[in-house]
Structure formats: structure tokens, C-alpha cells
Amino acid sequence: MSESKPKFYSLPPLPYSYNALEPYISEQQLTIHHQKHHQAYVTAANQILEKLDKARKENADIDMRATLKALSFNIGGHLLHSLYWGNMAPPSKGGGKPGGLIGDWIGKEFGSFERFKKEMSETAMSVEGSGWAALTLCRQTDRLIPMQIEKHNTNVYPMFRILLVIDVFEHAYYIDYKNNRGEYLEKFWNIINWDEVDKRLQNALK
Ligand code: MN
């Protein structure tokens, strides 16, 4: 085990200020989402790891099924939110049509940016209950493939690299859009950080 890395998770700071995504995501919405919801996953993941550490030290029995289910939910929540903050940017910088490698690859895979936008919006819109929409890269085929993630953890393809995520838990938009997921998704296109998505694609291909 690496000695240089922390043994527990911590809440990463946002790469912009809490009001930076206005008018599409309000300061109040972003603050609660980051400080309350994301923090809760970090705290819970760490508590479960501590519980595992303690049970090992005492050689005590532990319900592996329940423990790992909760661990996966909370680590998934932490990692997905970390990706989510990074693939958003203030409207002055984000949104629009992507250039770079990601722009080319979207054009090649989906035929056009408009077609990609339609597929991703429908992917996000039709997630049942709480979950995520993601754009992923399959390294076996080097194809861009949309993915739905139920809650924080099911439907994930092993080894796929996640390039872009859209949080469709109601906690991501209820303050600004009530229960109107469609309106949130429409606005979301204005704050996608395509430079970051492009960087993730380039890193995934290395
Ligand atoms: Mn969330």
C-alpha cells in the first residue's frame, strides 16, 4: 500500500466560486450540493472504511454484503461528484460546441454535435429515479459510448473511462428547477467544460 497517499477521502474544493455557474446553477444550489450532498458521501465512505479497519483489528464479524453495498454507493457518489464539478465551467468559458479532439470524435461517432446532444439529453432524461448520465470511452474499441448510471454505482462498465457526467439526482437541481429535470438538462449545455472533457479524452487515450 502506498504510504504517500491519504487513507481516507476528502471533499475536493470546487474549481470555481459558488456563484460562478449562475444563472444556470444558483449559488445556493451549488453550495448545498457540494457542501452537504457531496460531503455526506465522503463522510459515509470514510466511516465505512473506519468500520472495516476496526473490525479487522478486532477480528470481528462484519456483514460484507451490506458494508460493500454502502461503500460502493458512497465511493461512487464521491468520485462521480468529483468528475461532475470538473466538467462544468462558468458560462463565459463553458458551453457551446466542443472543438479539439473531443469535437472531432463526437462528430465521427455520433454524426453531428446535434445528434450527440439529443442522445445525451435523452440518456439523462430517461435515467430512472436517481442517477447519472455519462459519456464514456471504451478502450477496447476506442468508441464513445453513452452510459446511464443508476444511483452512483450500477451499469458501470469495467475499464470504461468516464469523460463527462451529468448528475440527475433531484438534489442537483431542485432549488433552481423544482422537479423539472428537462429544464435543468437544457441549461446544462451552457456550462459544460469542453476543455476538461477534451483533456480527459486525451489522457484516456495515453
Ligand atoms: Mn449530486
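The values are calculated or read from the model by the stated rules, or taken from the named source; none is laboratory data. Everything numeric here is computed off the predicted structure, so don't read it as measured data. Please note: Cβ atoms are built from the backbone with ideal geometry, for glycine as well, and neighbour counts cover all protein chains shown. When the accessible area is computed, the model is the full protein with side chains, heavy atoms only, and any ligands, DNA or RNA have been set aside. Shrake-Rupley method; radii C 1.70, N 1.55, O 1.52, S 1.80 Å.
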(message) Exactly one of these conditions fails for residue 96: (1) of a type outside the set (Asp, Glu); (2) farther than 25 Å from residue 150 by Cα; (3) over 19 Å from the mean Cα position of the chain (by Cα); (4) open to solvent by less than 20 Å² (accessible area, probe 1.4 Å). Give me its number.
(response) (4)
(message) Condition check: of a type outside the set (A, V, I, L, M), open to solvent by 30 Å² or more (accessible area, probe 1.4 Å) and touching a residue at least 40 places away in the same chain (Cβ under 8 Å). Does residue 57 satisfy that?
(response) no
(message) Being within 18 Å of the chain's Cα centre (by Cα) and open to solvent by 60 Å² or more (accessible area, probe 1.4 Å) is the filter here; which residues of the stretch 24-42 pass it?
(response) 35, 36, 39
(message) Here is a list: 49, 21. Which entry is within 15 Å of the ligand (Cβ to nearest atom) and either surrounded by 15 or more Cβ atoms within 10 Å (Cβ to Cβ) or assigned to a loop (DSSP other than H, G, I, E, B) (or both)?
(response) 21
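Restrict the check to the stretch 76-90 and report whether at least one residue is away from the ligand (no atom under 16 Å from the Cβ) and either surrounded by 13 or more Cβ atoms within 10 Å (Cβ to Cβ) or more than 21 Å from residue 186 (Cβ to Cβ) (or both).
For the stretch 76-90, residues away from the ligand (no atom under 16 Å from the Cβ) and either surrounded by 13 or more Cβ atoms within 10 Å (Cβ to Cβ) or more than 21 Å from residue 186 (Cβ to Cβ) (or both): present.
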